[in-house]
Amino acid sequence: MARDLPTAAEAAAILARKRTRPQRRPPPVAGRSLNRLLKELDAKYGLGSGALQARWREIVGAEIARRTEPVKLTKPRTGGPAALEIRVAGASAALIQHQAPEIVARVNLFLGEAAVNKLRIVQGPLRATAETGKPVRRRSAPLDAAEEAELAASLAAAPDGPLKAALLSLGRGVLRRRTG
């Protein structure tokens, strides 16, 4: 026995008579709404990498501070102790790696017990600070067209390849020092 489907007007009338409940929505995720508040509280009361940068020399000592700088403090999503990333100047990385447990212990004295459990060492140039007195290396201005043409003409007889590229680079460096 086949049943006829209602027309559009009959369907609208049926739906108007029936009271339906709206679908139940789950509550919003608590972490999403608390995230902004926690960030504000951490910025106000928490000691993060900003506090480490401000007092790095006091925390690790003058000798280590001359060769290193704190970059960031990475906290795992699961909670627990963070990893401190520090930038080390050049070949000092081996010495700093050797002193990593001592640095972690000193940082934990400053931030609190078990705040940091791991040290990540990244080699790279340090920013200039009042303590180091080293200026930040800036890229030199390019040579003007006449100097570049003169340099290219002097190396025209050299065969193309890595040697010619190295000689061009060396020549540019020498000419920049003369003009600068």
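The numbers here are math on the coordinates, done by the rules we state, and not lab data. Just so you know, these numbers come straight off a predicted model, no measurement behind them. Ideal geometry is used to build each Cβ from the backbone, glycine not excepted, and the neighbour counts take in all protein chains shown.
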Dipole of the chain [Lys/Arg +1, Asp/Glu -1 at C-beta], most positive-end residue of Ala8, Leu163, Leu143: Ala8
Ranked highest first by average number of other Cβ atoms within 10 Å, how do 56-69, 101-114 line up? 56-69, 101-114
Net charge near Arg120: determine it from the other residues with C-beta under 14 Å of the C-beta of Arg120, scoring Lys and Arg +1 and Asp and Glu -1. +2
Which of [x] 45, 39, 32; [y] 63, 47, 30; [z] 99, 55, 30 gives Cα extents along the principal axes in Å as computed here? It is [z]
